[in-house]
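See below for the structure under consideration.
The values are calculated or read from the model by the stated rules, or taken from the named source; none is laboratory data. For clarity, every value in this text was computed on a predicted model and none was experimentally measured. Virtual Cβ from ideal backbone geometry, glycine too; neighbours counted across all protein chains shown. Ligands, DNA and RNA are excluded from the accessible area calculation, which covers all protein heavy atoms including side chains. Shrake-Rupley method; radii C 1.70, N 1.55, O 1.52, S 1.80 Å.
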2 protein chains.
Amino acid sequence: MIQDINGAIEALLRPNSIAVIGVSRREDSIGHKIFQNLLSQSFKGRVFPVNPKADVISGIKVYPSVSHIPESVDLAVMVIPADYILDAAEECGVKGVKAIIVISAGFAEAGNKGAELQRKLVAVCRRYGIRLIGPNCMGVLNTDPIVSMNATFSHVFPPHGNIAMATQSGALGLVILEYAKNLGIGLSTFVSVGNRADVSSNDLLEYWCQDPATGVIMLYLESFGNPKKFARLARAISANKPIVAVKSGRSAAGSRAAASHTGALATVDIAADALFAQTGIIRVDTLEQLFDVSNVLAHQPLPRGSRVAILTNGGGPGAMAADACTAHGLELPALSDATLEGLKMLLPSRASRTNPVDITDAGAEEYRGALMLLADDDNVDAVIVIFIPPVFARSEDVAAVIMDLSTEFYRRGKTLLSSFMGQRGCLSGSPIPAGGSSVPSFAFPESAVYALARARDYNLYRQKPCGMIPELKDIDRERVQKILDNALPGWLLAKDVYAILDAYGIRSLAPTLVTSVDEALNAAQALGYPVVLKLDSATIIHKTDFGGVVLDIRSPQELRQAYDMMMQRLTSAGRLAEVDGMNIQKMVSQGIEVIAGVAHDDVFGPLMLFGLGGIYTELFKDAVTRIHPLTDVDATEMVHSVKAYKLLEGFRGSPPADIPVIEELLLRLSALVTDFPQIKELDLNPVKVFAAGNGCTVVDARILV
Amino acid sequence: MIQDINGAIEALLRPNSIAVIGVSRREDSIGHKIFQNLLSQSFKGRVFPVNPKADVISGIKVYPSVSHIPESVDLAVMVIPADYILDAAEECGVKGVKAIIVISAGFAEAGNKGAELQRKLVAVCRRYGIRLIGPNCMGVLNTDPIVSMNATFSHVFPPHGNIAMATQSGALGLVILEYAKNLGIGLSTFVSVGNRADVSSNDLLEYWCQDPATGVIMLYLESFGNPKKFARLARAISANKPIVAVKSGRSAAGSRAAASHTGALATVDIAADALFAQTGIIRVDTLEQLFDVSNVLAHQPLPRGSRVAILTNGGGPGAMAADACTAHGLELPALSDATLEGLKMLLPSRASRTNPVDITDAGAEEYRGALMLLADDDNVDAVIVIFIPPVFARSEDVAAVIMDLSTEFYRRGKTLLSSFMGQRGCLSGSPIPAGGSSVPSFAFPESAVYALARARDYNLYRQKPCGMIPELKDIDRERVQKILDNALPGWLLAKDVYAILDAYGIRSLAPTLVTSVDEALNAAQALGYPVVLKLDSATIIHKTDFGGVVLDIRSPQELRQAYDMMMQRLTSAGRLAEVDGMNIQKMVSQGIEVIAGVAHDDVFGPLMLFGLGGIYTELFKDAVTRIHPLTDVDATEMVHSVKAYKLLEGFRGSPPADIPVIEELLLRLSALVTDFPQIKELDLNPVKVFAAGNGCTVVDARILV
């Protein structure tokens, strides 16, 4: 029996009754703690402690087992040793419990025996249609006043708000709750997913997508269970609700750390970056950034553009904020004439009226006046207010002015942030107005700028057209099917590679294979000079190491010379036996070299790659990766996002390259991999791209099946 | 009369007596505030309030003017309107006051009239040998218990410590004091330098260099007054004491903000970066980083290397710290067998014993045991201890263990940092041991990693050989002198350019200028094919825009064709009249293209540039700048620090390039600019660098005088 997901998650996050299985009398036990947290937070449903060895705990009747509880139980929280879990779960099944949270450790994270136990636990749950969180987690929490559930072992209960959070690390869960509470950042629900034996981040995403109490989703990820599903969900959710994620395991060392305590696969981080970029997830690097960005998204309208006005009472912090804006791609526009005129009337002459506006030692009323001008300034999308408490000024007065005007900004769709040097979280001391606006405050202006920039990036993502996978013409699937049916696993023969490309409408300079200098001369004659001579060998991979590529051969004499030279080198290196022949190809001196390809990742499946050819990709890491399949928007973005894009646009008097044709090439590769998933790796390196309208042609290619 | 600097700064920072000129009865006045701060902080010398209109303030006798004070006065703090300052300064001069701090605004920052007033003020001070801080500043502060001076208008007095701080922004000064106090970070002295009419950051650097109370120097800079002196001082100080600096004005917007409130010149930030790199100054981007890094430097030994062990009780934070290490070039080494063996005995089986070491839910004693093992592990240079308070564990116990072992780490020269998730500053609750060690704590592990990485960078700088400016052979100064004596200001003629390079031992492919196709053919014959044909014109700067460069011409036919084609294009573009002729040059197809040059910055003087040729520098910004003159170490670093350095090392089977000869080329350019400062700009673009031992040759060059 498979329940509908949201109903089951509802039982986990909004249960009417909870059994805590394993409530010890010992106050320093986890079970006791969870029970106490449910009581002290005044959970609005019923709580039943379960312990076969106690009658009464904290003055409340204890049941020897779940089956003894006289009422129905929606959720069971288990805090008993791993060995007792199966029996308890079985009993829950019989009782009709809808969901179980297993706090206890000793499962997949603890080795093979634990993994076996975990599999059995899942089997029991499946049999009874029970949804399971954990094992090895710290519990769940719901701040909705009509639920008010702290089913975690942290005594920290964060304020009610619209940010939902899932974490793959229990330890970070503790930190997150503490931080949210200290900063006054409101959460809706919080889930520590632990080993994710059943309920995964994906299930929670599906729930939060529908959950009216949740406006922003925060994730701490260490690995992806089902990246394809995650990508699909995230794409759908990002269109309406922002997802902010921190993912550890960027580095080999980080992956090792993440893997060692969850048993999760260390995935290629580049694929995660691609997934985040394609699905609109806001990836941040630190927990601090996670909160800073979520705070802005939870309380402020998305910045409509990149134009920021800075209002400060100190030049130094204003300058630092301006620097940070530039570093994050935000602009400081010139203010409108009306604003400048207004500021001139308003501010003392020593004030600086250009952006950043430095009101110097003027006070709360000048802040009000300047903010009102900026609210009406069409040149401005967002305002960062910096306030350094001078000797006698009252921070509260300035904070009150900002809060007072925040609804005006909200109404105009302008983002308003503040940096009260030292104060983190939200401006306090005033209620959040009906519009839901509150003004996030940052201890340092640089953090405000970072958070604003990421919110702007997210809005840019939302404004993008929703991509589609276009129908491509001139595709001959059957021809490729036939070639692959007859191919042996491994690198395909050159003729097959070029035939496959041709069948998918990808133009290439198919080379002529020759095995003697006379054949070479004939082939060159047929192609027309200049030509290129290339060594063909299945075992000599880096041809250049043996001088195996000679470009721009302009005459038969030069060809003969190059051919003989190459044979000599191979002979003296003792590698002649590995040579399958020589390839003669037409020399293409025009055009810009790019590379395109497909690589395979065990977790993410095919990854699509694009970069500039030559040494750019290798030396400058100037390449971009996306997850298969590509939409037309993905393809366009790939080509635009390499640093060397300027080369394609036409650099230093050279004509612009045929960019649409590169985008189409990427889409054709994506279609090829969609149709033939047995293609494990595909390299087009290089592809020559010609001036706009003249297309491109693949110069060298290989395919692994 | 010029006093010796340190004596004069002594009067500013360690005065025996202070007159506060302009102490108003109004409690909300700046003058009153400063007077109160001196009293409430129990300044150990004498304080005399001055106000012609009051007899007694706060129960203390007030003097109508400085001249009425019956005792000698070392320092006068002035808080009177700008118009009264000159008279007051004059009076101070007569009285024999040694130093003045002018808090008042209304000077250079306020326009021409104020600038004039400031010049007059400086003149008065010079006449009497008075040193002046400000005007337009927030004062100075000395935490030394035998001084205990708060001569600022901030009521915040930070704890006593060994960090000295100078700030060019008063507003940031307020923030800095507050932040230092909140984090418990100890300062020695603090100076808000304001308009720097007399005492500059340079003067303070000289003082702090000698000051035994100061171990670390923090700077907030907006501009450089005298960068050459700053560089010289900073280089000398960095060899012993670290300087950590944040400089605003990185961006155009930031410069505008910084300039508008101090009147400082907006300098090219790239030059500042070069200056910091060459002098060992640790440049950080944010105030938070400024404190984080200074905190580590003030309390911990410098990390001897990059090998970091992470000790955590939560896998998630450990993984995030590991990622941050990798991002900042720190390593997580394998731990020694002894450590692994010890951890196996010590920790529960579910713990992860590889680096990062995750002790899971073990407690203070396990932290102690693990730390002792890591203290003795020769594979480890630094340890970051992460502690997430679990439900029942006591943070204080773990903190006590860390503090307890900190002396052991200090004795072994190992850096020890902690992240107590949420606790910033230093671990509290235990006295700083005699060794001066205390354990900095960070709210998030990523910040600890960042600070550690910068301390490591600084130690790498200190370990570098101290560079020297080598004597170069084959230099013919007189020949260049003669050329420049006869040259007109502007771009030099090609023949002069190549003669100058030759005189400084720089090999180039001097071209042959021709004005007809026959001359071209003769020149090519003499040089030998292949050749290059280049348009020569003083006004057509971007030759490639007109197809003005044809490479690899292999025969007289090709040369004639290229010549005719170029003339045709110029004719049809109507630019023929601007052509001075054509240059024929030997074609060099071998070698890697680099560029080298000198640019001129108004503040910093000559800037030396190096990068890879072609589009690398322009498209990837892969170039490096240093300030003139270069030491041999600078030259080596320049060549090594471009991203494309791998190309020079030998990439993909190509032989390594002649790197020493590039370094020498840079030193020769530096010598040329030293000898002939009238050279405003010099471009060698490109220079072809050949395989090791084969030198390099300049292909194109221009010089502006």
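Scanning the stretch A:659-705 for residues that are over 30 Å from A:Leu535 (Cβ atoms) and not small (Gly, Ala, Ser) gives A:Ile659, A:Pro660, A:Glu663, A:Glu664, A:Leu667, A:Thr674, A:Asp675, A:Pro677.
Spot the failing condition for A:Leu38; the list is (1) within 14 Å of chain B (Cβ to nearest Cβ); (2) under 24 Å from A:Ser188 (Cβ atoms); (3) not β-branched (Val, Ile, Thr), and only one is missed. Every condition holds for A:Leu38 apart from (1). Right, B:Ala596: under 42 Å from the mean Cα position of the chain (by Cα), in contact (Cβ under 8 Å) with a residue 12 or more places away in the chain and crowded, with 16+ Cβ neighbours inside 10 Å or not? Taking the combined requirement at face value, the residue satisfies it.
Does A:Lys643 fit the bill of being under 28 Å from A:Gln585 (Cβ atoms) and charged (D, E, K, R)?
The answer is no for A:Lys643.
Could you grab me the full set of residues in the stretch A:336-370 that are among the hydrophobic types (A, V, I, L, M, F, W, C) and within 14 Å of chain B (Cβ to nearest Cβ)? If the condition is that a residue be among the hydrophobic types (A, V, I, L, M, F, W, C) and within 14 Å of chain B (Cβ to nearest Cβ), then A:Leu340, A:Leu343, A:Leu347, A:Ala351, A:Val357, A:Ile359, A:Ala362 are the ones that fit. Looking only at residues in the stretch B:130-184 that are more than 8 Å from every other protein chain (Cβ to nearest Cβ) and part of a helix (DSSP H, G or I), the one that is modelled with the lowest pLDDT is B:Leu183. Being among the aromatic types (Phe, Trp, Tyr), out of contact with any Cys (no Cβ under 8 Å at 6 or more places or on another chain) and within 14 Å of chain B (Cβ to nearest Cβ) is a condition met by at least one residue of the stretch A:615-628. Candidates are the residues of the stretch A:288-314 that are open to solvent by less than 10 Å² (accessible area, probe 1.4 Å) and more than 25 Å from the chain's Cα centre (by Cα); the one that is farthest from A:Val357 (Cα to Cα) is A:Val308. Residue pairs whose Cβ atoms lie under 6 Å apart, separated by 6 or more positions or on different chains, with the first residue in the stretch A:630-647 and over 12 Å from A:Ser670 (Cβ atoms) and in contact (Cβ under 8 Å) with a residue 60 or more places away in the chain and the second open to solvent by 30 Å² or more (accessible area, probe 1.4 Å) and in a helix (DSSP H, G or I), do not occur.
Close Cβ contacts (under 9 Å, 6 or more residues apart or on different chains) running from residues in the stretch B:99-126 that are more than 30 Å from B:Asn16 (Cβ to Cβ) to residues that are β-branched (Val, Ile, Thr) and at pLDDT below 95 comprise B:Ala108/B:Thr262; B:Glu109/B:Thr262. Screening A:Gly369 against (1) of a type in the set (Gly, Ala, Ser); (2) touching a strand residue (DSSP E or B) at 6+ places or on another chain (Cβ under 6 Å); (3) more than 24 Å from B:Ala166 (Cα to Cα) leaves a single unmet condition, (2). Of the listed requirements (1) of a type outside the set (Asp, Glu); (2) modelled with pLDDT of 90 or more; (3) assigned by TED's automatic domain parsing to the domain that holds A:Leu417, A:Phe444 misses just one: (2).
Filtering the stretch B:204-226 to residues that are away from every other protein chain (no Cβ under 14 Å), outside any loop (DSSP other than H, G, I, E, B) and open to solvent by less than 10 Å² (accessible area, probe 1.4 Å) leaves B:Leu204, B:Leu205, B:Trp208, B:Val216, B:Ile217. State whether one or more residues within the stretch A:551-561 are farther than 22 Å from B:Ser654 by Cβ, crowded, with 17+ Cβ neighbours inside 10 Å and not β-branched (Val, Ile, Thr). Scanning the stretch A:551-561 turns up at least one residue that is farther than 22 Å from B:Ser654 by Cβ, crowded, with 17+ Cβ neighbours inside 10 Å and not β-branched (Val, Ile, Thr).
Which one is farthest from the other protein chains (Cβ to nearest Cβ), of the residues in the stretch B:77-108 that are buried (at least 21 other Cβ atoms within 10 Å of the Cβ) and not hydrophobic (A, V, I, L, M, F, W, C)? In this case the residue turns out to be B:Lys98. The residues on offer are A:Leu619, A:Leu630, A:Leu612, and the sole one that is within 30 Å of A:Leu527 (Cα to Cα) and either open to solvent by less than 30 Å² (accessible area, probe 1.4 Å) or in contact with a helix residue (DSSP H, G or I) (Cβ under 6 Å, 6 or more places away or on another chain) (or both) is A:Leu612. Total residues in the stretch B:516-536 satisfying the condition of being part of a strand (DSSP E or B) and open to solvent by less than 30 Å² (accessible area, probe 1.4 Å): the figure is 5.
Tell me, which residue of the stretch A:648-679 that is β-branched (Val, Ile, Thr) and under 30 Å from A:Asp485 (Cα atoms) is most open to solvent (accessible area, probe 1.4 Å)?
For the stretch A:648-679, the residue satisfying everything is A:Thr674.
Looking at B:Asp658, B:Asp622, B:Asp700, just one residue is more than 12 Å from B:Val598 (Cα to Cα) and modelled with pLDDT of 90 or more, and that residue is B:Asp658. Checked against the criteria, B:Ala635 does not count as at pLDDT below 90, under 25 Å from the mean Cα position of the chain (by Cα) and not β-branched (Val, Ile, Thr).
Residue under question is A:Leu513, and the condition is that it be away from chain B (no Cβ under 14 Å), open to solvent by 80 Å² or more (accessible area, probe 1.4 Å) and farther than 16 Å from A:Met587 by Cβ; does it hold? In short, yes.
Restricting the search to strands (runs of 3 or more DSSP E) fully inside the stretch B:1-113 and requiring at least 1 residues that are closer than 22 Å to B:Gly170 by Cα and either modelled with pLDDT of 95 or more or outside the structural domain of B:Gln168 (by TED's automatic domain parsing) (or both) gives B:17-21, B:75-78, B:99-102.
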